[in-house]
Amino acid sequence: MIKVLFVCLGNICRSPMAEFVFKQMVTERGMSAKFEIASAATEGYNEMCHAGIHHGTREMLHAMHVPYEEHYSRRIRPEDYAYYDYILAMDDSNIEEIQSITGPDTEGKVRRLLDFTAHPRNIKDPWYTGNFDETYWDIVEGCDAFLKFLE
Ligand code: 4NP
């Protein structure tokens with residue numbers, strides 16, 4: 001079992017999108033039983049207000065025929081570090097925030113999703129850019145590259 005936790009700032013835009021895109025990819029390859037896939041935030045405010053998936057992410061998943069379930073933001077917890085095999089962040093600031101919660105990344109589990117691609121970079125936050133289309137294609141590129149890395 002490979003356990004993967006996608007992490008972003010709020011866990012309502014990018015990381016739930018990555019969770020459901022990656023779940024679809026492994027399901028289509030008949031590999032879903034080999035994975036446990038979830039997502040989390042580095043900030044706690046969306047968990048406190050029980051926030052669901054942002055409508056921009058919902059619309060993008062719907063448009064691209066990516067199945068998704070109801071999901072509510074939750075903040076990453078210190079014990080997630082031992083539990084998950086890969087903690088995949090969307091940007092540099094997530095990497096810092098994750099380690100401020102879990103402690104230093106002594107086992108090399110914390111990576112940016114797009115670091116698995118030929119063009120390592122941050123995934124911009126659509127909460128600020130409003131561009132969920134760009135987020136989707138970055139996430140597809142990253143998930144695809146991560147799966148190839150695992151294979
Ligand atoms: P995400 O985007 O990190 O991709 O989920 C954000 C969602 C919410 C907020 C910021 C970023 N916020 O400030 O509530």
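Tabulated results
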item: Positions within region 130-151 being part of a helix (DSSP H, G or I) and either open to solvent by 70 Å² or more (accessible area, probe 1.4 Å) or at pLDDT below 95 (or both), in sequence order; result: Asp133, Trp137, Lys148, Phe149
item: When residues of region 1-20 are limited to those that are among the aliphatic types (A, V, I, L, M) and over 18 Å from Met60 (Cα atoms), the one nearest to the ligand (Cβ to nearest atom); result: Leu9
item: Where Lys124 falls short, out of the listed (1) surrounded by fewer than 16 Cβ atoms within 10 Å (Cβ to Cβ); (2) more than 11 Å from the ligand (Cβ to nearest atom); (3) not in a helix (DSSP H, G or I); result: (2)
item: In region 1-19, the residues that are more than 9 Å from the chain's Cα centre (by Cα) and without any contact (Cβ under 8 Å) to a residue 60 or more places away in the chain; result: Met1
item: Hits in region 22-61 (condition: under 20 Å from Asp144 (Cα atoms) and acidic (Asp, Glu)); result: Glu28, Glu36
item: Test: residue in region 83-100 that is in contact with a Pro (Cβ under 7 Å, 6 or more places away or on another chain), at pLDDT 95 or above, among the polar types (S, T, N, Q) and open to solvent by less than 60 Å² (accessible area, probe 1.4 Å); result: no
item: Filter result for Glu69 (open to solvent by 70 Å² or more (accessible area, probe 1.4 Å), touching a helix residue (DSSP H, G or I) at 6+ places or on another chain (Cβ under 9 Å) and over 25 Å from Arg29 (Cβ atoms)); result: no
item: Where a residue in region 93-105 is under 9 Å from Tyr81 (Cβ atoms) and its partner, wherever it lies, is part of a helix (DSSP H, G or I), with Cβ under 6 Å and at least six apart; result: Thr102/Tyr81; Asp105/Gln99
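The values are calculated or read from the model by the stated rules, or taken from the named source; none is laboratory data. For clarity, every value in this text was computed on a predicted model and none was experimentally measured. Note that we place each Cβ from the backbone using ideal geometry, even for glycine, and neighbour counts take in every protein chain shown. Surface areas here come from the heavy atoms of the whole protein model, side chains and all, with no ligands, DNA or RNA. Shrake-Rupley method; radii C 1.70, N 1.55, O 1.52, S 1.80 Å.
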